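Nothing in this text is a laboratory measurement; each read-out follows from the coordinates by a stated rule. Fair warning: this is a prediction, and the values are worked out from it, not measured in the lab. Here the Cβ positions follow ideal geometry from the backbone for every residue, glycine too, while neighbour counts run over all protein chains shown.
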Amino acid sequence: MPRLFPALVLPLAMMASAAPRTLVHGHRGARAVLPENTLPAFEYAIEAGADVLELDVAVTRDNVLVVSHDPELNPLLCRGPRPRAVIRELTLAELRAWDCGALRHPAHPKQRPVPGSRIPTLDEVLALGSRGRFEYNIETKSFPSRPHLTPPPEEFARRLLEAIRRHKLEKRVIVQSFDFRTLHAMKRLAPEIRLAALYEGEPRPFVAIAREAGAAIVAPRHDLVTKEQVEAAHAAGLQVVPWTANAAADWDRLIAAGVDAIITDDPAELIAYLKARGLR
């Protein structure tokens, strides 16, 4: 049967304008380039044009929120008075004795050390908010099986909310966690704060994960993402923000699946990749 209408071929620019924008989250700032969760890494991500700074929060013995992925100081990342120490057992003043910028991460050969970089406080990172219109994606590092490493979920959420409100960033913050107790606690305290359910493990429906967490965003490990899962999430009014994708093949797959954002260790590289394809 002959075609009734000729095939429609859109110019690349028109295709880009019709496509939804894929936001870029700088994972731990930009750990492929600079020491993770340090002020230099966050400043780099801001300059690169990242839409969101992704970071992790722990709590010191004197109840200061600090930015660290690990509850213990990792000797691969930080150099200090002793090889290991638990952040929850140190005061902020004691924590400042560790240099977490002098060592290059062994998994990131492009990373440039920045000697003298200390673990920043959350307040120091939130104070960067005046430098642009970017947002923050803050993970509560909470461990149900190791309660000694963090405050109880309600207290953790309360202290985090106090910091967010202190900087007047309620509309620019997402709170994410694998520990859904902290998300439920935040929802009770401040329903206006956006929540993201982090997930890894066996494949499960994204909609079910989000409902369990009481979140409007699901943040799965990137290899769990399929177009069908994203479409189902969108149909339920949810967003999908996978982590942590660093390869072009994965970026292509996630963009084709229709994700709302991508968390990456190299935000500048992902932004350049999107621009080269007319997608930004």
For this session: Work out the charge dipole of segment 12-276 with +1 on the Cβ of Lys and Arg and -1 on the Cβ of Asp and Glu about the Cα centre, then indicate which of A257, V64, A219 is farthest towards its positive end.
Result: V64
Problem set entry | Rounded to the nearest 20 debye, dipole of segment 167-240 from Cβ charges on Lys, Arg, Asp, Glu | 400
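Can you tell me the dipole magnitude for the chain around its Cα centre, using point charges on the Cβ only (Lys, Arg +1; Asp, Glu -1), in Debye to the nearest 20?
On the way: 37 positive and 34 negative charges, 69 e Å.
The dipole magnitude comes to about 340 debye.
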Exercise. If contacts are Cα pairs under 8 angstrom and at least 6 residues apart, what is the relative contact order of segment 12-276 in percent?
Worked result: 20
For this session: Mind checking the full-extension length gain between L169 and E212? Use 0.36 nm per residue of separation minus the Cα-Cα distance, one decimal, nm.
Result: 12.9 nm
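Work out the P(r) tail for segment 149-280: percent of alpha carbon pairs separated by more than 17 Å, whole number. Don't skip to the answer; put the middle values down first.
Numbers: 5217 of 8646 pairs.
In whole percent, the long-distance tail amounts to 60.
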Seminar exercise, completed: Total charge of the residues flanking G278 in space, meaning their Cβ is under 14 Å from its Cβ, with Lys and Arg +1 and Asp and Glu -1, is +3
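Convert 25 °C to kelvin, take the viscosity as 0.890 mPa s, use the Kirkwood radius over C-alpha pairs of segment 15-95 as Rh, and evaluate the Stokes-Einstein diffusion coefficient in µm²/s, rounded to a whole number. List each step's numbers first, then the result.
Working: Rh = 14.2 Å.
D = 173 µm²/s.
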For this session: Please report how far the C-alpha centroid of segment 136-172 lies from that of segment 25-47, rounded to the nearest whole angstrom.
Result: 20
Problem set entry | Reach of K168 by Cα under 28 Å, taken over lysines that are not fewer than 8 positions away in the same chain | K141, K187
For this session: Scale the Cα Rg of segment 87-137 by the rule-of-thumb value 2.2 N^0.38 Å and send over the ratio, two decimals.
Result: 1.40
Exercise. So what is the diffusion coefficient of segment 12-276 in µm² per second by Stokes-Einstein at 20 °C and 1.002 mPa s, using a Kirkwood Rh over Cα pairs?
Worked result: 114
Seminar exercise, completed: Over the chain, the sum of -39500 (n - 2.57) across DSSP H runs of at least four, divided by residue number and rounded to 500 deg cm²/dmol, gives at 222 nm -8500 deg cm²/dmol
